[in-house]
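To keep things clear, I will list the structure first and then write my remarks on it.
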Amino acid sequence: SNDHTLYYINTRKVGFGFNPRASRTKVTWMKEEDGNVTIDFSDTKDILEDYPVKDDNVLASAHTVWVFKPLVPIGEIPQTAVTFTTRVDARGNIPTVAANFNATKFLF
């Protein structure tokens with residue numbers, strides 16, 4: 001297997017009068033023997049000391065997994081099945097209207 005890792009630091013404005021949400025994420029990807037590629041986005045505290053969260057920001061929590069599975073080509077066109085699973089805790093009482101407005105911006 002061939003796995004790789006990187007750290008992703010992000011701050012997003014939620015709007016609606018809420019404090020910005022910050023994340024510290026460890027991204028690991030690997031290609032498995034069967035050809036599947038898995039990408040895992042997980043919370044990490046590994047970099048909080050070097051990259052602290054600003055005082056007015058809230059450290060949110062999320063876990064996302066993408067799995068790419070190669071399929072039989074159609075003619076000469078390669079095919080791939082993708083599975084996407086995510087869980088996000090924005091840390092706070094966020095009204096549904098605000099959550100729905102921001103949902104399309106949080107695809108990691």
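The values are calculated or read from the model by the stated rules, or taken from the named source; none is laboratory data. Small disclaimer: the values here were computed from a predicted structure and weren't measured. With ideal geometry, Cβ positions are generated from the backbone for all residues, glycine too; neighbour counts draw on all protein chains shown. Just so you know, the surface numbers come from the protein's heavy atoms only, side chains and all, with ligands and any DNA or RNA stripped out. Shrake-Rupley method; radii C 1.70, N 1.55, O 1.52, S 1.80 Å.
Assorted remarks:
- Qualifying residue in the range 63-76 (condition: under 19 Å from the mean Cα position of the chain (by Cα) and of a type in the set (Gly, Ala, Ser)): no
- Hey, PRO95 touching a residue at least 40 places away in the same chain (Cβ under 8 Å) and surrounded by fewer than 11 Cβ atoms within 10 Å (Cβ to Cβ) or not: yes
- Among the residues listed as ASN2, ASN93, ASN36, the single one being modelled with pLDDT of 95 or more and at negative phi: ASN36
- Every residue from the range 98-108 that is closer than 11 Å to VAL14 by Cα, in a loop (DSSP other than H, G, I, E, B) and either free of Cβ contacts under 8 Å to residues at least 12 places away in the same chain or open to solvent by 60 Å² or more (accessible area, probe 1.4 Å) (or both): LYS105
- Each residue in the range 10-25 was checked for being part of a strand (DSSP E or B) and open to solvent by less than 70 Å² (accessible area, probe 1.4 Å), and 7 of them qualify.
- Test: ASP89 is of a type in the set (Asp, Glu) and exposed (fewer than 10 other Cβ atoms within 10 Å of the Cβ): no
- Among the residues of the range 27-79, those that are open to solvent by 80 Å² or more (accessible area, probe 1.4 Å), touching a residue at least 12 places away in the same chain (Cβ under 8 Å) and part of a strand (DSSP E or B) comprise TRP29, LYS31, LYS69.
- Counted residues, the range 3-34 - those being in contact with an Asp or Glu (Cβ under 9 Å, 6 or more places away or on another chain) and not hydrophobic (A, V, I, L, M, F, W, C): 9
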